[in-house]
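Data first, discussion second: the structure below is written as structure tokens.
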Protein chains: 2
Amino acid sequence: MSDTPHTPLDNPPDTPPTSPADSTLELRSTVAGDGSVTLAVHRADVAAPAPDEVVVRVEAAPINPSDLGMLFAGADMASATGVASPSDESLPAVRAMIPTGTAGLEGRLDTAMPTGNEGGGTVVATGDSDDARALAGKVVGFLSGNAYAEYRTIKVSSCLAMNDGTDPEDAAACFVNPLTALGMVETMLDEGHRGLLHTVGASNLGLMLNRICLADGVPLVNIVRRAEHVELLRGEGAEHVVDSSAESFVSDLTDALRATGATIAFDAIGGGDLASVILSRMEKVASEGDQFSRYGSSTHKQVYVYGGLDRSPTILNRNFGMAWSVGGWLLTPFLMKVGPEAAERLRRRVADEITTTFASSYGMRLSLTDAVDPEQARRYARMATGDKALITPHAADA
Amino acid sequence: MSDTPHTPLDNPPDTPPTSPADSTLELRSTVAGDGSVTLAVHRADVAAPAPDEVVVRVEAAPINPSDLGMLFAGADMASATGVASPSDESLPAVRAMIPTGTAGLEGRLDTAMPTGNEGGGTVVATGDSDDARALAGKVVGFLSGNAYAEYRTIKVSSCLAMNDGTDPEDAAACFVNPLTALGMVETMLDEGHRGLLHTVGASNLGLMLNRICLADGVPLVNIVRRAEHVELLRGEGAEHVVDSSAESFVSDLTDALRATGATIAFDAIGGGDLASVILSRMEKVASEGDQFSRYGSSTHKQVYVYGGLDRSPTILNRNFGMAWSVGGWLLTPFLMKVGPEAAERLRRRVADEITTTFASSYGMRLSLTDAVDPEQARRYARMATGDKALITPHAADA
């Protein structure tokens, strides 16, 4: 049940725990056979740190789009209602129904899954290793998959130590968005493209990517979904911002692709025909001045789908020649592919620029209790740009 | 207009042509601004061979699915009617209307495009180079993009010399299908997969691929679209044949993927949700026994779309994790990627096994005049398995 520690306790059973907290509240999500999903506040033990672990007092953890699947498993949030926590009647929970049932969710059925990919906080206890001791008292960000909790026992290798003076809240989102944005640029270079397109330009990740591309001289096309986001990005120095809600979207997009030479796109939306439109406009630009070829241009056009804000199917009209690819893109395999040295270089850049290039902003702050309030859950599950949620486990309930 | 030679005439203007034929009938296709496409018999000069060229008397040329775009540009063949050739009133032609108009076809508008990717025949004249002279009197297959003609002047590098005694008709389809089938296996190995799926198992290409995989010990899943094709392939020794028209298709497919470990598919259909179903079943097999992961399995699943028998959009339901890719696959870039040595190895295998592994069969034989008959055009444009057309330019009209 919920009191199984997430990280194994490697030290001998007779070692006394060195953690100042021996219990924590945390958020776990359970899919049941009736097609419901319950996100609940649980109480759990805090595992004493193994030699290569530290205990972090979690000050803040963002709700990223990539957290949503584990939190609510595709449930229809209109159906969300408040219930008691399955583990303890005195703790709150929220329950919603999954319209598509439990197909594909067999692996997590009836298991209270931890939630929260990343967080930030202060190291309050450490294991015996030198690497662990070096983090004592430090502010760290961490990637753990169970960040929505008051305290967490975390492997040192899953922590990123911040420079002195960093606010733990600034450290909270130092993994997913910063490394994803850096990974996009690295992937672009590695695969031989000379410009990049991003479909959610005004998101926290989009703003980071824009700052990276400006600093590194990488041509970037930003797609945004609302007119006011054009201004937001232009105010941040973005040159090519295209509003997908505008009537002139397709021609604006074509112009921006021509100006930048972008032939690789990173798409967080996933559903609908946006990827198809992007590929067809890239192909149009690539074919300009070419002789007609029955197979289209020889320019390879790539769309990586790294999110699924629109859960409807991806529609590819295949009117973009034969030199194209659409595929999934995920941070962890990318980091494994580039190897530890490159990953460390990217992590150091994040720590050094955490309040500038990699600064995040939030539209709401939620206690653990707030996070299972049906009204709040409906709001943060929409993932509206500019309305991102930050969980602050030690703050008083709203 | 249509009498421009396809290959440039490099020898000085005063060199007398060495070709025994100075004129040829040929098929050319013209898209007009009114959204019509006209496939017509034209008369053209036969260019004298440059030093690195030969003149081939074309005995046979297949109509491959990959020829259809150039022939009819996506026209609705129900609208096909007989007309006179635009170049010569005494020659026949067929005209049909393109439902989607001329969008994407700007590059070929009002130009009489040559047709026919490949053919086979006998070398009847050669240029002065040693390589060209070596082909005198030989039976060759060739890849030229203008094969639907009585005579063609072809670069030596675009010819594949057959072993002595080969029937020119057997040489006609020695490039597109054989090298594509070999290319699929090479791609599978190169990208680290251990089994392969093909969506049109009973096609000429599918039968070749099945023979290659049997000979080379490569696990292969064949999808066919009719029950009788299951028997056809089993009769050829295929172990895993799945009928997409059967009610048990999805579970049969899953079983075959499990048995073979196939994680790469080559799809000639393109439209609809077949690629999506394949990816989701590959993911199901890859996840078996794994712990639940919010991002799906780490097994990379690849679908290459190399044809478009179904021209409707590709629908991806994205219920197959994040480790996936769907992309176009084309023979020429593949051959360029593997380089000349590997390409030559594959070509030699084709020549050596042209009547066995790489044998083709046809459901109809058409003269050039037959090919522009509206009734015949409707039939071969359907690309039904077992009803493939072979153009035999020197045969009498049907």
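The values are calculated or read from the model by the stated rules, or taken from the named source; none is laboratory data. Predicted model, so just to flag it, every value in this text is computed and none were measured. Neighbour counts are summed over all protein chains in view; Cβ atoms, including those assigned to glycine, are modelled from backbone coordinates with ideal geometry. When the accessible area is computed, the model is the full protein with side chains, heavy atoms only, and any ligands, DNA or RNA have been set aside. Shrake-Rupley method; radii C 1.70, N 1.55, O 1.52, S 1.80 Å.
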Picking from B:P374, B:P393, which residue would you name as being closer than 24 Å to B:T115 by Cβ, under 20 Å from the mean Cα position of the chain (by Cα) and not polar (S, T, N, Q)? B:P393
I'd like the full set of residues that are touching a strand residue (DSSP E or B) at 6+ places or on another chain (Cβ under 6 Å), without any contact (Cβ under 8 Å) to a residue 24 or more places away in the chain and either in a loop (DSSP other than H, G, I, E, B) or not small (G, A, S) (or both), limited to the stretch A:218-233. A:V230
Checking A:E247 against (1) more than 14 Å from chain B (Cβ to nearest Cβ); (2) not small (G, A, S); (3) not in a loop (DSSP other than H, G, I, E, B), only one condition comes out false. Which one? (3)
Can you name every residue in the stretch A:149-195 that is in contact with a Cys (Cβ under 8 Å, 6 or more places away or on another chain) and over 17 Å from A:P340 (Cα atoms)? A:M162, A:V185
Considering only the stretch B:11-37, state which residues are in contact with a Ser or Thr (Cβ under 6 Å, 6 or more places away or on another chain) and either under 24 Å from B:H394 (Cβ atoms) or at pLDDT below 95 (or both). B:L27, B:R28, B:S29
Kindly indicate the residue of the stretch B:277-303 that is within 9 Å of chain A (Cβ to nearest Cβ) and small (G, A, S) and also most open to solvent (accessible area, probe 1.4 Å) among those meeting that condition. B:S298
Quick one: how many residues across the stretch B:308-328 are within 7 Å of another protein chain (Cβ to nearest Cβ) and within 22 Å of B:V200 (Cα to Cα)? 11
May I ask you to list the residues in the stretch A:135-150 that are within 18 Å of A:R347 (Cβ to Cβ) and aliphatic (A, V, I, L, M)? A:L135, A:V139, A:V140, A:L143, A:A147
Output yes when any residue across the stretch B:56-76 is more than 30 Å from B:G363 (Cβ to Cβ) and of a type in the set (S, T, N, Q), and no when none is. no
Contact list please: Cβ distance under 8 Å, first residue in the stretch B:263-276 and within 12 Å of chain A (Cβ to nearest Cβ), second residue assigned to a strand (DSSP E or B) and basic (K, R), pairs at least six apart or on different chains. B:G270/B:R311; B:G271/B:R311
With the requirement that a residue be modelled with pLDDT of 95 or more and aliphatic (A, V, I, L, M), what does the stretch A:144-178 give you? A:A147, A:A149, A:I154, A:V156, A:L160, A:A161, A:M162, A:A171, A:A172, A:A173
Index of the failed condition, A:R347 passing every other in (1) more than 10 Å from chain B (Cβ to nearest Cβ); (2) over 20 Å from A:H193 (Cβ atoms); (3) without any contact (Cβ under 8 Å) to a residue 60 or more places away in the chain; (4) open to solvent by 40 Å² or more (accessible area, probe 1.4 Å): (3)
Please count how many residues of the stretch B:39-55 are part of a strand (DSSP E or B) and either open to solvent by less than 10 Å² (accessible area, probe 1.4 Å) or outside the structural domain of B:T369 (by TED's automatic domain parsing) (or both). 8
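For (1) in contact with a Gly (Cβ under 8 Å, 6 or more places away or on another chain); (2) open to solvent by 30 Å² or more (accessible area, probe 1.4 Å); (3) touching a residue at least 24 places away in the same chain (Cβ under 8 Å), each residue gets a yes or a no:
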residue: B:L331; (1), (2), (3): yes, no, yes
residue: B:L335; (1), (2), (3): yes, yes, yes
residue: B:F358; (1), (2), (3): no, no, yes
residue: B:A371; (1), (2), (3): no, no, yes
residue: B:R378; (1), (2), (3): no, yes, yes
residue: B:H394; (1), (2), (3): no, yes, yes
When you go through (1) in the same structural domain as A:L233 (by TED's automatic domain parsing); (2) touching an Asp or Glu at 6+ places or on another chain (Cβ under 8 Å); (3) among the hydroxyl-bearing types (S, T, Y); (4) over 30 Å from A:V31 (Cβ atoms) one by one for A:T199, which number turns out not to apply? (4)
Restricting attention to the stretch A:137-166, report how many residues are more than 18 Å from the chain's Cα centre (by Cα) and touching a residue at least 60 places away in the same chain (Cβ under 8 Å). 12
Kindly establish whether B:R194 is open to solvent by 20 Å² or more (accessible area, probe 1.4 Å) and either of a type in the set (V, I, T) or part of a helix (DSSP H, G or I) (or both). no
In the set A:S85, A:S36, A:S66, the lone residue that is open to solvent by less than 10 Å² (accessible area, probe 1.4 Å), closer than 18 Å to A:G104 by Cβ and either outside the structural domain of A:D128 (by TED's automatic domain parsing) or not charged (D, E, K, R) (or both) is A:S36
Using the structure shown, decide if B:T260 is open to solvent by less than 20 Å² (accessible area, probe 1.4 Å), out of contact with any strand residue (DSSP E or B) (no Cβ under 9 Å at 6 or more places or on another chain) and more than 12 Å from chain A (Cβ to nearest Cβ). no
